[in-house]
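The block underneath contains the structure these notes are about, expressed in structure tokens.
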Amino acid sequence: MTAIIEVQNLQMKYGKEEALKNVSFSIRKGEIFGFLGPSGSGKTTTIKIMTAQLTHTGGQVSVFGQPASEMNKGHNKSKFGILSDNSGLYQRLSIEENLLLYSQLYNLPKSTIEEALAFVNLQKDRKKKVNQLSKGMMQRVVLARTIMHKPPLLFLDEPTSALDPVNAQHIYNGLRKLNELGTTIFLTTHNMEEAELLCNRVAFLHKGEIREIDTPLALKKKYSDHSFTVELENGENHVVYNGEQGAVQLMEWMKAKRVSRMYSNEPTLGDIFVQITGSDL
Amino acid sequence: MNISVKRIQAIFMKDYKEFSRNYVISSVVLMPLVLALFYGRVGSNSIDMYFLPLNITLSMVTTYVQACLIAEEKERNTLRGLMMSPASTFDILFGKSLLVFLMTGIILAVSCYLVGFAPKQIIVIALALALSTAFYLALGTICGLFTKSIMEASLAVLPVMIIFTFGPLALALGEDHLLYKIVEVLPSTQLIRLAELSQANAAFTELIGAFSIITAWTAGAIAISVVLFNKRTKDL
Ligand SMILES: Nc1ncnc2c1ncn2[C@@H]1O[C@H](COP(=O)(O)OP(=O)(O)O)[C@@H](O)[C@H]1O
Ligand SMILES: [Mg+2]
């Protein structure tokens, strides 16, 4: 598999403040990659560097095999889409008029507006002016605009922060579909369930450094205490650990046919997040 | 440099729709016309009187409205979207100047009619006004790019108005005054000079001086606005 983004020893200083210290990762084509971390950990900074909105102060960053600084060149601009908190909409234009402008800027047929509206479930509201929309609706319009030209690479910086669960689900399904068609997605989010649902791989960023980077499953195994909860017929719950003692206990219960349910106590991504970022606050 | 007529047109149409729904800013357009009507009634007939409403149009409509249009794109974070799209710097700056350029043209023409100014060499006057419009447009773009909100842009435009629109009034101080020498090279002063010469049926060679000065100001202002714009494509 080829790398679509390659970041090596990335460093970013805003004046004296070091926002990113020695960050390295690589994203393969076709991945949904979750870039997770608390506010101020450097997620947006990383995206801005990869999309040539900022110049980094150290390390190498390449996107599509070119230096990231090339991403503001005309021929590269339609290869990616970006949604971030500085993606604004024209307040006095309707949803449809906002999308029309972008379809023209990207040279797309009108049918793409229809598809984009369906993607975010806003077909019925198309005539509404943006200044009459809720925050969540605006976020969906921006998302529609971002995916409209079906770029091979998407940067989504907290794309669902203002969405209700129903619309979030609709968006997740859409993103999965895009991904199946070959779109690579670089996603930042505070929502660990979202990351768990969508991402093939996640990185935990904390204070400008990557603390962990792997598949959600591998991380869960790594942070697991390898214990299992056993629920007995009489409703009692017991925690058993891997090893001699646990095995003897479990065998007794099983011989007596007392076990009703048993499950592994693996941590959620949320637990891991708290463990990584909460430990040295 | 890639230029796309389609993209320029898209940005222009977008601006037109937004502008026509923005009653606060679109009403600004009427003020120079009211002023021109007033001057017409008073019955002045000197060139510098004719040109006061024209120079006011250039700062109040051209510079001010342009600054607001650019500042609003910054305030609402929409400029970033344009910059990240395949539209080139030229597409964006040209597309975003077109609406105010056309509006200025119409208002200037109507103002000329209202004050009763009938150019003898219409092509010369049209060319000079078009060049001046480009200058004030670039000035507006610069003001808009320097500021972060419509509020700030409105303030930034004030010195422009004072210097360029009312500057020529300082000529009344007389040739020996220090201000005279400075004010003389302003594009607004040169515009009036040019109109005076033209109304006296001057030969084109006599107009070259004034044209050169206005062109130099225009080229300089455009260059600054392009450099500033390209700087803004990096983090805001
Ligand atoms: N333009 C800027 N100037 C100075 N510091 C900045 C700027 N943008 C971000 N920072 C700092 O860099 C750090 C990372 O910010 P950011 O990338 O926005 O984090 P995140 O997106 O993870 O919340 C923060 O400490 C923030 O204060
Ligand atoms: Mg952020």
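No lab work stands behind these numbers, since they all come straight from the coordinates. Since this is a predicted model, take the numbers as computed values, not measurements. For neighbour counting, all protein chains shown are included, and Cβ atoms are generated from backbone atoms with ideal geometry for every residue, glycine included.
Nearest 10 degrees is fine. How inclined is helix A:135-147 to the longest principal axis of chain A, computing both from alpha carbons?
It works out to around 70 degrees.
For chain B, evaluate the Debye formula with one uniform point scatterer on each Cα (no solvent term) and list log10 I(q)/I(0) at q = 0.10 Å⁻¹, rounded to two decimals.
-0.47
Taking the beta-carbon count within 10 Å as an exposure proxy, list A:Lys13, B:Lys181 from fewest neighbours to most.
With the sparsest Cβ surroundings first, the list reads B:Lys181, A:Lys13.
For region A:217-232, just list the computed ³J(HN,Hα) in residue order, Karplus coefficients 6.51, -1.76 and 1.60, θ = phi - 60°, integers in Hz, with x standing in for Gly and Pro.
These are the phi-based 3J(HN,Hα) values: 5, 4, 5, 5, 5, 5, 8, 6, 8, 6, 10, 10, 9, 10, 9, 8 Hz.
Taking only Cα atoms of region A:1-53, what ratio of Rg to Rh do you get with Rh as the Kirkwood inverse-distance radius?
When Rh is taken as the Kirkwood radius, the ratio is 0.98.
Once both labels are modelled 7 Å past Cα along the beta-carbon direction, what's the A:Lys255-A:Asn242 spacing in nm?
My value for the distance between the label points is 2.5 nm.
What is region A:92-226's relative contact order, in percent, from Cα pairs under 8 angstrom and six or more apart in sequence?
Relative contact order of region A:92-226: 19 percent.
Give me B:Val61, B:Val124, A:Val274 ranked fewest to most by other Cβ atoms within 10 Å of their Cβ, as a rough exposure proxy.
A:Val274, B:Val124, B:Val61
Under the rule of at least 5 residues apart or a separate chain, name every residue whose amide H is placed under 5 Å from the amide H of A:Leu163.
Sorted by chain and number, the residues that satisfy this come to none at all.
Given the DSSP H assignment, sum -39500 (n - 2.57) over each helix run of at least 4 residues in the protein assembly as shown and divide by its residue total; what's the result at 222 nm in deg cm²/dmol, nearest 500?
It comes out at -16500 deg cm²/dmol, rounded to the nearest 500.
Tell me, how many Å apart are the Cα centres for region A:124-195 and for region A:232-273?
Distance between centres, Cα-based: 40 Å.
Quote to one decimal, in nm, the extra length available between B:Leu158 and B:Val28 on full extension: 0.36 nm per residue of separation minus the C-alpha distance between them.
Full extension from B:Leu158 to B:Val28 adds 45.4 nm.
Could you list B:Phe94, A:Phe273 so that the one with the fewest beta carbons within 10 Å of its beta carbon is first and the one with the most is last?
The order, fewest Cβ neighbours first, is B:Phe94, A:Phe273.
Any idea how many Lys pairs in chain B come in under 27 angstrom at the alpha carbon, given 8 or more places apart or on separate chains?
23
If I stretch the segment between A:Ser161 and A:Gln66 completely, what's the gain in nm (0.36 nm per residue apart, minus their alpha carbon distance), one decimal?
Taking A:Ser161 through A:Gln66 to full extension adds about 31.1 nm, to one decimal.
Which of B:Ala172, B:Ala138, B:Ala87 moves most in a GNM of chain B, Cα contacts under 10 Å?
Of B:Ala172, B:Ala138, B:Ala87, the most mobile in the Gaussian network model is B:Ala172.
Hey, got a sec? Which GluC sites (Glu not before Pro) in region A:219-258 land in a DSSP loop and have at most 15 other Cβ atoms within 10 Å?
A:Glu233, A:Glu236
So who's got an amide H within less than 5 Å of the one on A:Arg211, skipping anything under 5 residues away but keeping other chains? H placed 1.01 Å off N, in plane.
A:Phe204, A:Leu205, A:His206
Given labels modelled 7 Å from the Cα in the Cβ direction, how far is it in nm from A:Tyr263 to A:Lys177?
In this crude spin-label approximation the distance works out to 3.1 nm.
Please report, for the Cα atoms of chain A, the Rg to one decimal and the Dmax as a whole number; what are they, in angstrom?
For chain A, the Cα-based Rg and Dmax read 22.5, 72 Å.
For B:Lys148 and B:Thr205, calculate 0.36 nm times their separation in residues minus their Cα-Cα distance, and state this gained length in nm to one decimal.
Result for the pair: 16.1 nm of gain on full extension.
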